[in-house]
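All remarks here apply to the structure that follows.
Only the coordinates and a few stated rules stand behind these numbers; no lab work does. Computed from a predicted structure; not experimentally measured. FYI the Cβ positions are ideal-geometry reconstructions off the backbone, even for glycines, and counts take in every protein chain you see.
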Amino acid sequence: MITYGDASPGGEHTSEDTMTYPGLLFLALLLGTAHASSPRATRVMVDKSDRLMQVFAGDKVIATYAIGLGTAPVGHKLREGDRRTPEGRYRLDFKKRDSTFFRAIHISYPNAADRARAREAGVSPGGDIMIHGESNDPAQREAIRRRPSRDYTYGCIALSNADMQRFWDQVSVPIPIDIVP
């Protein structure tokens, strides 16, 4: 017999506090089967004008998420601080659990062309662009909720926490991401 959770107020484990090994085995098989049968993402597509992110397994769309963008959402990111979300082909290259937002997955911006364009203009291209959930700071989260637009980032792609958790679970890095105007 395997126990879990706290014992009853008298310190004794009750039948409600225990689960037999066969019960745990069944639960593990059930969860493992459900997870194994859910399709894994092979690429991600962001449509900035529609504020949608689609997740693909092969050619099939397996999820669509409403997104927020940078506060200056029109056009390609050109330099650090322009509050634009980049456009082009990148990779989601690492996951970050310890973000100031609920989970974050890094986008490989800037690429070689972005760096060359910024160098030619004599500016920094910026970086640290992520797909992330909501702020971990309750006051900031509330202020964002009061905004008339979902676009509140410095150039990142924002999801609700529930959507970010689903996306996090669907994606293994590295994976390609296309961000279109």
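Among 49-62, 162-175, sorting by the average number of other beta carbon atoms lying within 10 angstrom of each residue, highest first, gives 162-175, 49-62. Evaluated with a Cβ-only charge set (Lys, Arg +1; Asp, Glu -1), region 88-181 carries a dipole of roughly 40 debye about its Cα centre, given to the nearest 20. 3J(HN,Hα) along region 164-181: 5, 5, 4, 4, 3, 6, 7, 10, 10, 9, x, 8, x, 9, 10, 10, 10, x Hz, from the Karplus curve 6.51 cos²θ - 1.76 cosθ + 1.60 with θ = phi - 60°, whole Hz, x for Gly and Pro. All other residues whose Cβ lies under 13 angstrom from that of Pro39 are scored, Lys and Arg at +1 and Asp and Glu at -1, for a net of +2.
Along the axis of the charge dipole computed for region 39-113 (Cβ charges of +1 for Lys and Arg, -1 for Asp and Glu, origin at the Cα centre), the listed residues Gly88, Gly75, Thr100 are led at the positive end by Thr100.
DSSP assigns beta bridges within region 40-180; of those with both partners inside it, close to 80 percent run antiparallel. Each residue of region 89-97 is assigned a 3J(HN,Hα), and the resulting list reads 9, 9, 10, 7, 10, 7, 9, 10, 7 Hz, derived from the Karplus form 6.51 cos²θ - 1.76 cosθ + 1.60 (θ = phi - 60°), x at Gly and Pro.
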